[in-house]
Amino acid sequence: MAQKSIGIIMNGVSGRMGYRQHLLRSILAIREQGGVLLGNGDRIQVEPILVGRREAVLAELARKHGIADYTTDLDAALADPRWTIYADFLVTKARAAAIRKAIAAGKAIYTEKPTAESLPEALELAAQARAAGVKNGVVHDKLFLPGLRKLARLIDSGFFGRILSVRGEFGYWVFEGDWQPAQRPSWNYRAEDGGGIVVDMFPHWNYVLENLFGRVESVYARAVTHIPNRFDETGQPYTATADDAVYAVFELAGGVIAQLNSSWTVRVDRKELVEFQIDGTHGSAVAGLFGCRIQPRNATPKPVWNPDLADDHDYARDWMEVPDNDVFENGFKTQWEQFVRHVVEDTPYEFDLLAGARGVQLAEAGLQSSRTGTRVDLPELVLPKVAPTPTAVTR
Ligand SMILES: NC(=O)c1ccc[n+]([C@@H]2O[C@H](COP(=O)([O-])OP(=O)(O)OC[C@H]3O[C@@H](n4cnc5c(N)ncnc54)[C@H](O)[C@@H]3O)[C@@H](O)[C@H]2O)c1
């Protein structure tokens, strides 16, 4: 009989990402629609078990959303053959240890980024998963943003001619936490707790750049802590030991230059919280989270630099909006559906722990560049050979 459901251990489900994106918008939305649609037309239902450290919080979430299973005992959940996938949305610092156990238990692994705190550890996890023969996937949500989907469409159509450069602005003002609560968790600003905008954003920039424009071959970055003192969730002052802004140049295979600013200390004067401008020989585009506007070569105005005359040309009007022409689903949900199909039907899946390790590699190289003031090359990663971890629990 065809498999009717798949059990998923959801660890860290009380957190921002775990709750909103993975539980609410993905797993519960998939459950609501009757499961993941498979290639043969069948549906496979998702069955979550909520895992965390605080039983009362889990019980309340389970009650609120009609979820039958929850536990504070990760080892017991990993030992239970009812659960096929281990999904990790913990703070970055706690991730590697939990994933190691899940690999040893023979579970398929699905995780938030960054996959680990260091490149050796990220590579070791990827190698362990391969040695154990467990399927694995890492979140790559930005590729599903409607704005970037439209951008990918433009690239595929040959709109740009030869792409020359990418310049991106990501960021917004994150409050310090004194007279208004901060809108990000305080661990994000403490290096010792796995925080920092380089570690947070470079894993995203890596898969965005390599999937749309070319492999990142080198990086020059300057990471800074603009605001050294912040206030945590309880109103206590703390020292921000992690970077809150990074200004970086990436050189890509094929010659494209990308320059991306990432900042939690910038006030927004853009249409969206992230915008990428792509200039090509035949046209340019500005893509954000949702929108994407273009200016083809044939409709490019001819500005002439003249500081003596006020310029009343409205440059914003030289751009055309790209239509949706599609229904864009929540990217986290779509990724979950693809990963479940990969586990159940063995469909191809390229965003694995090795891809995740490349994101960690870029973050590490960015921080090294910032420390040394030099451009850092990124060699292509190969997985180290490791012996499979002995199975820690009986399956
Ligand atoms: N894909 C994205 O766009 C995106 C966005 C933000 C964060 N993230 C990633 O998601 C992960 C979670 O980030 P968040 O913003 O949801 O953080 P959060 O602080 O809101 O949630 C963290 C979760 O981990 C749990 N936790 C904290 N310390 C722990 C410990 N020592 N042991 C076990 N569990 C622990 C918390 O209880 C909570 O459930 C991070 O790795 C972060 O890099 C991804």
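Odds and ends about this structure:
- So Ile9, is it closer than 27 Å to Arg184 by Cβ, more than 12 Å from the ligand (Cβ to nearest atom) and either among the β-branched types (Val, Ile, Thr) or open to solvent by 60 Å² or more (accessible area, probe 1.4 Å) (or both): yes
Every residue, every condition in (1) in contact with an Asp or Glu (Cβ under 9 Å, 6 or more places away or on another chain); (2) buried (at least 20 other Cβ atoms within 10 Å of the Cβ); (3) under 28 Å from Tyr110 (Cβ atoms); (4) of a type in the set (S, T, N, Q), yes or no:
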{"site": "Arg130", "(1), (2), (3), (4)": "yes, no, yes, no"}
{"site": "Leu143", "(1), (2), (3), (4)": "no, no, yes, no"}
{"site": "Leu151", "(1), (2), (3), (4)": "no, yes, yes, no"}
{"site": "Phe160", "(1), (2), (3), (4)": "yes, yes, no, no"}
{"site": "Ile163", "(1), (2), (3), (4)": "yes, yes, no, no"}
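Table: residues versus (1) touching a strand residue (DSSP E or B) at 6+ places or on another chain (Cβ under 6 Å); (2) in contact (Cβ under 8 Å) with a residue 60 or more places away in the chain; (3) within 25 Å of Gly359 (Cα to Cα).
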residue: Pro203; (1), (2), (3): no, yes, yes
residue: Leu209; (1), (2), (3): yes, no, yes
residue: Arg215; (1), (2), (3): no, yes, yes
residue: Ala223; (1), (2), (3): yes, yes, yes
residue: Pro228; (1), (2), (3): no, no, no
residue: Ala240; (1), (2), (3): yes, no, yes
residue: Thr265; (1), (2), (3): yes, yes, yes
residue: Val268; (1), (2), (3): no, yes, no
residue: Gly280; (1), (2), (3): yes, yes, no
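- The single residue among Arg53, Arg25, Arg20 that is within 16 Å of the ligand (Cβ to nearest atom) and assigned to a loop (DSSP other than H, G, I, E, B) turns out to be Arg53.
- Pairs are defined by a Cβ separation below 8 Å, a sequence spacing of at least 6 or placement on different chains, a first member in region 165-194 that is without any contact (Cβ under 8 Å) to a residue 12 or more places away in the chain, and a second member that is within 13 Å of the ligand (Cβ to nearest atom); the pairs so defined are Phe175/Ala182; Phe175/Gln183; Gln183/Val174.
- Leading residue by the ranking (nearest to Asp193 (Cα to Cα)) among those in region 101-154 that are of a type in the set (A, V, I, L, M) and assigned to a loop (DSSP other than H, G, I, E, B): Ala116
- Filter result for Lys135 (closer than 21 Å to Asp324 by Cα and open to solvent by 20 Å² or more (accessible area, probe 1.4 Å)): no
- Among the candidates Ala253, Ala245, residue that is loosely packed, with under 14 Cβ neighbours inside 10 Å and within 21 Å of Leu362 (Cα to Cα): Ala253
- Whichever residue in region 95-109 is within 13 Å of the ligand (Cβ to nearest atom) and surrounded by 16 or more Cβ atoms within 10 Å (Cβ to Cβ) and, among such residues, is farthest from Val46 (Cα to Cα): Ala96
- Exclusive hit being part of a helix (DSSP H, G or I) and more than 11 Å from the ligand (Cβ to nearest atom), set Leu78, Leu61: Leu78
- Failed item in (1) part of a loop (DSSP other than H, G, I, E, B); (2) open to solvent by less than 30 Å² (accessible area, probe 1.4 Å); (3) closer than 30 Å to Phe231 by Cα, with Gln180 passing the rest: (2)
The values are calculated or read from the model by the stated rules, or taken from the named source; none is laboratory data. Keep in mind that this is a model prediction, so the values were computed, not measured. Cβ: placed from backbone, ideal geometry, glycine included. Neighbour counts: every protein chain shown. We work out accessible area using only protein heavy atoms, side chains counted, and drop any ligands, DNA or RNA first. Shrake-Rupley method; radii C 1.70, N 1.55, O 1.52, S 1.80 Å.
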